[in-house]
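A short worksheet on the structure shown next.
The values are calculated or read from the model by the stated rules, or taken from the named source; none is laboratory data. Please read all numbers here as calculations on a predicted model, not as lab measurements. Cβ placement follows ideal geometry from the backbone for every residue including glycine, while neighbour counts extend to all protein chains displayed.
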Amino acid sequence: MKKKTNRDRTQRVALCGLLIAMMLVLGFVESRIPIDAGIPGIKLGLSNGVLIFAVYMLDIPTAWMLMVLKVVLSGLLFGGFSKIMYALAGGVLSMLFMTGLSRVKSMRPITVSMVGGVMHNVGQVALAMILLHTNQLLYYMAVLMLVGLACGALTGIVAESVMRHLKAVQ
């Protein structure tokens, strides 16, 4: 195994900083896109594409660190404790499934992203059900799962395309 040099570590930190910045900017841009489908809480999940990239092109611990930093920083910048709590519930469940599925050789990033989108919504709604002591949100979860599939497919297509192009230039 090749020993990591200071330059390698510095490049890794710089890349992680760039990816965090990209996720924060994408999250901010996404918050400005009016999606009025009559269903509150629908978002495209643009920063999920960056996490898919991290899962496949970096390593699992780094991808987890990026997810946690994105949740905490975006919550502090744009939301608050409630936003952090819900985003972390969705992020943890999503990352568990995405990191697990990414290790299956036949699993494409698009599929992994779709599952991640669904599980993010499941995590958030499950937390709301626990906090509100109701199972009435199961109906809402069904709709959000379909939205998660569609948005996950979109971000997965973008992430897979970026990774394919980056591999071609390496």
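Points worth noting:
- Of residues in segment 43-88 being assigned to a helix (DSSP H, G or I) and among the basic types (K, R), the one nearest to the chain's Cα centre (by Cα): K70
- For the condition out of contact with any Pro (no Cβ under 7 Å at 6 or more places or on another chain) and buried (at least 16 other Cβ atoms within 10 Å of the Cβ), M98 qualifies.
- Some residue of segment 110-133 being touching a Phe, Trp or Tyr at 6+ places or on another chain (Cβ under 7 Å) and more than 20 Å from V147 (Cβ to Cβ): no
- Annotation note: of L24, L46, the sole residue that is surrounded by 17 or more Cβ atoms within 10 Å (Cβ to Cβ), in contact (Cβ under 8 Å) with a residue 40 or more places away in the chain and under 15 Å from G117 (Cβ atoms) is L46.
- Residues that are farther than 15 Å from G45 by Cβ, hydrophobic (A, V, I, L, M, F, W, C) and part of a helix (DSSP H, G or I) do occur in segment 145-165, at least one of them.
- Pairs, first closer than 12 Å to F28 by Cα in segment 72-83, second among the aromatic types (F, W, Y) and at pLDDT 90 or above, C-beta under 7 Å, six or more apart: F78/F28
- Failed condition for I33, given (1) assigned to a helix (DSSP H, G or I); (2) out of contact with any Gly (no Cβ under 9 Å at 6 or more places or on another chain); (3) at pLDDT below 95; (4) farther than 18 Å from Q124 by Cα: (1)
- Summed over segment 104-136, the residues that are more than 19 Å from the chain's Cα centre (by Cα) and either among the basic types (K, R) or surrounded by fewer than 16 Cβ atoms within 10 Å (Cβ to Cβ) (or both) give a count of 9.
- Count of segment 98-133 residues which are under 22 Å from S161 (Cβ atoms) and not small (G, A, S): 16
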